[in-house]
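All remarks here apply to the structure that follows.
The values are calculated or read from the model by the stated rules, or taken from the named source; none is laboratory data. The model shown is predicted, which means the values in this text are computed figures rather than measured ones. Counting neighbours? That spans all protein chains shown, and the Cβs are built from the backbone with ideal geometry, glycine included. Protein only, heavy atoms only, side chains kept; ligands, DNA and RNA dropped before computing areas. Shrake-Rupley method; radii C 1.70, N 1.55, O 1.52, S 1.80 Å.
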Amino acid sequence: VQLQASGGGLVQPGGSLRLSCAASGSIVSINVMGWYRQAPGKQREPVARVVSGGIINYEDSVRGRFTISRNNAKNTVYLQMNSLKPEDTAVYYCIYYDRDDPNSVYWGQGTLVTVSS
(Lines give C-alpha, C1' and ligand atoms only; values in the text may rest on other atoms or scores of the structure.)
Protein backbone atom coordinates (compact mmCIF):
# COMPACT_ATOMS: atom_id res chain seq x y z
CA VAL A 1 0.00 0.00 0.00
CA GLN A 2 1.27 3.45 -0.91
CA LEU A 3 0.07 6.64 0.74
CA GLN A 4 0.36 10.09 -0.81
CA ALA A 5 -0.36 13.00 1.50
CA SER A 6 -0.77 16.65 0.62
CA GLY A 7 -2.09 19.92 1.97
CA GLY A 8 0.41 21.07 4.57
CA GLY A 9 1.76 24.58 4.77
CA LEU A 10 2.09 27.73 6.82
CA VAL A 11 -0.97 29.20 8.49
CA GLN A 12 -1.58 31.84 11.13
CA PRO A 13 -3.01 30.95 14.54
CA GLY A 14 -6.76 30.56 14.28
CA GLY A 15 -6.54 29.61 10.64
CA SER A 16 -7.49 26.43 8.80
CA LEU A 17 -5.85 23.82 6.63
CA ARG A 18 -7.07 20.66 4.97
CA LEU A 19 -4.87 17.61 4.56
CA SER A 20 -5.56 14.82 2.11
CA CYS A 21 -4.11 11.35 1.78
CA ALA A 22 -4.78 8.89 -1.02
CA ALA A 23 -4.07 5.20 -0.63
CA SER A 24 -3.26 2.91 -3.54
CA GLY A 25 -2.24 -0.69 -3.99
CA SER A 26 -3.70 -3.72 -2.22
CA ILE A 27 -6.51 -2.07 -0.29
CA VAL A 28 -8.69 -4.29 1.88
CA SER A 29 -12.38 -3.53 2.20
CA ILE A 30 -12.41 -2.99 5.98
CA ASN A 31 -9.52 -0.75 6.85
CA VAL A 32 -8.53 2.14 9.03
CA MET A 33 -7.05 5.40 7.78
CA GLY A 34 -5.94 8.27 9.88
CA TRP A 35 -3.31 10.75 10.93
CA TYR A 36 -0.43 10.93 13.35
CA ARG A 37 1.80 13.92 13.97
CA GLN A 38 5.26 14.58 15.30
CA ALA A 39 6.19 17.97 16.67
CA PRO A 40 9.84 19.07 16.91
CA GLY A 41 11.54 17.31 19.78
CA LYS A 42 8.49 15.22 20.63
CA GLN A 43 7.30 11.69 20.03
CA ARG A 44 4.91 10.84 17.27
CA GLU A 45 1.31 10.88 18.49
CA PRO A 46 -2.07 9.90 17.08
CA VAL A 47 -4.43 12.61 15.90
CA ALA A 48 -7.52 10.95 14.47
CA ARG A 49 -8.59 7.83 12.65
CA VAL A 50 -11.63 6.58 10.76
CA VAL A 51 -12.67 3.05 9.93
CA SER A 52 -14.08 2.37 6.49
CA GLY A 53 -17.45 1.68 8.12
CA GLY A 54 -17.46 5.15 9.62
CA ILE A 55 -16.27 4.81 13.23
CA ILE A 56 -14.14 7.81 14.17
CA ASN A 57 -11.71 8.48 17.01
CA TYR A 58 -10.06 11.77 17.95
CA GLU A 59 -7.35 12.63 20.41
CA ASP A 60 -8.51 15.03 23.10
CA SER A 61 -6.12 17.74 21.96
CA VAL A 62 -7.86 18.13 18.58
CA ARG A 63 -11.46 17.15 19.33
CA GLY A 64 -13.83 19.93 18.34
CA ARG A 65 -11.27 21.61 16.10
CA PHE A 66 -10.27 18.88 13.65
CA THR A 67 -12.61 16.79 11.51
CA ILE A 68 -11.57 13.57 9.83
CA SER A 69 -13.50 12.17 6.89
CA ARG A 70 -12.97 9.72 4.09
CA ASN A 71 -14.09 8.86 0.60
CA ASN A 72 -14.06 5.09 0.37
CA ALA A 73 -14.51 5.09 -3.40
CA LYS A 74 -11.31 7.10 -3.73
CA ASN A 75 -9.48 5.45 -0.79
CA THR A 76 -8.79 8.93 0.45
CA VAL A 77 -8.83 10.37 3.96
CA TYR A 78 -9.08 14.05 4.82
CA LEU A 79 -8.26 16.08 7.91
CA GLN A 80 -9.94 19.45 8.17
CA MET A 81 -8.05 21.46 10.76
CA ASN A 82 -9.71 24.59 12.14
CA SER A 83 -8.77 26.99 14.92
CA LEU A 84 -5.16 25.99 14.54
CA LYS A 85 -2.76 26.70 17.38
CA PRO A 86 1.03 27.02 17.40
CA GLU A 87 1.18 23.72 19.29
CA ASP A 88 -0.39 22.02 16.26
CA THR A 89 2.86 22.64 14.39
CA ALA A 90 4.17 19.24 13.36
CA VAL A 91 4.82 16.87 10.54
CA TYR A 92 1.54 15.07 9.89
CA TYR A 93 1.67 11.46 8.75
CA CYS A 94 -1.10 9.57 7.06
CA ILE A 95 -1.60 5.94 8.10
CA TYR A 96 -3.45 2.94 6.75
CA TYR A 97 -3.95 -0.55 8.15
CA ASP A 98 -6.16 -3.57 7.85
CA ARG A 99 -8.69 -3.36 10.71
CA ASP A 100 -8.22 -7.09 11.32
CA ASP A 101 -4.41 -6.80 11.32
CA PRO A 102 -3.56 -3.59 13.21
CA ASN A 103 0.16 -4.42 13.21
CA SER A 104 0.33 -3.98 9.44
CA VAL A 105 0.53 -0.20 9.48
CA TYR A 106 1.58 1.72 6.40
CA TRP A 107 2.87 5.28 6.73
CA GLY A 108 2.78 8.17 4.32
CA GLN A 109 5.74 10.46 3.74
CA GLY A 110 4.57 13.24 6.04
CA THR A 111 3.46 16.78 5.36
CA LEU A 112 4.59 19.78 7.41
CA VAL A 113 2.04 22.01 9.08
CA THR A 114 3.39 25.21 10.60
CA VAL A 115 1.15 27.46 12.68
CA SER A 116 2.83 30.78 13.24
CA SER A 117 2.20 34.49 12.98
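Okay, residues lined up against (1) without any contact (Cβ under 8 Å) to a residue 24 or more places away in the chain; (2) of a type in the set (Asp, Glu); (3) part of a strand (DSSP E or B):
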position: Gly34; (1), (2), (3): no, no, yes
position: Arg37; (1), (2), (3): no, no, yes
position: Gln43; (1), (2), (3): yes, no, no
position: Ala48; (1), (2), (3): no, no, yes
position: Arg70; (1), (2), (3): no, no, yes
position: Tyr78; (1), (2), (3): no, no, yes
position: Cys94; (1), (2), (3): no, no, yes
position: Ser104; (1), (2), (3): yes, no, yes
position: Ser117; (1), (2), (3): no, no, no
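So, in region 14-29, how many residues would count as being open to solvent by less than 50 Å² (accessible area, probe 1.4 Å) and part of a strand (DSSP E or B)?
Total satisfying the criteria: 6.
In region 55-74, what residues are open to solvent by 40 Å² or more (accessible area, probe 1.4 Å) and not charged (D, E, K, R)? Step through it out loud before you land on a result.
Residues of region 55-74 that are open to solvent by 40 Å² or more (accessible area, probe 1.4 Å), as a first pass: 55-61, 63-64, 67, 69-74.
Result: Ile55, Ile56, Asn57, Tyr58, Ser61, Gly64, Thr67, Ser69, Asn71, Asn72, Ala73.
Testing Leu112 on (1) open to solvent by 50 Å² or more (accessible area, probe 1.4 Å); (2) in contact with a strand residue (DSSP E or B) (Cβ under 6 Å, 6 or more places away or on another chain); (3) aliphatic (A, V, I, L, M); (4) not in a strand (DSSP E or B), one condition comes back false. Which one is that?
(4)
Suppose the filter is buried (at least 18 other Cβ atoms within 10 Å of the Cβ) and of a type outside the set (S, T, N, Q); does Val47 pass it? Working first, answer last.
Details: buried (at least 18 other Cβ atoms within 10 Å of the Cβ): yes; of a type outside the set (S, T, N, Q): yes.
Judged against the criteria, Val47 is a match.
Hey, Gly41 hits all of (1) surrounded by 14 or more Cβ atoms within 10 Å (Cβ to Cβ); (2) more than 16 Å from Thr76 (Cβ to Cβ); (3) not aromatic (Phe, Trp, Tyr) but one; which does it fall short on?
Here Gly41 clears every test but (1).
Restricting attention to region 80-92, report how many residues are part of a helix (DSSP H, G or I) and either in contact with a Cys (Cβ under 6 Å, 6 or more places away or on another chain) or within 13 Å of Leu3 (Cβ to Cβ) (or both).
0
Mind checking whether some residue in region 96-107 is closer than 17 Å to Ser52 by Cβ, among the basic types (Lys, Arg) and surrounded by 14 or more Cβ atoms within 10 Å (Cβ to Cβ)?
Let us first name the residues in region 96-107 that are closer than 17 Å to Ser52 by Cβ, namely 96-102, 104-106.
The next check asks that each one be among the basic types (Lys, Arg); those that pass are 99.
Okay, now just the ones that are also surrounded by 14 or more Cβ atoms within 10 Å (Cβ to Cβ), so 99.
Yes - at least one qualifying residue is present in region 96-107.
I'm told Leu84 meets every condition in (1) touching a strand residue (DSSP E or B) at 6+ places or on another chain (Cβ under 8 Å); (2) open to solvent by 30 Å² or more (accessible area, probe 1.4 Å) except one. Can you identify the failing condition by its number?
Only one criterion is unmet by Leu84, namely (2).
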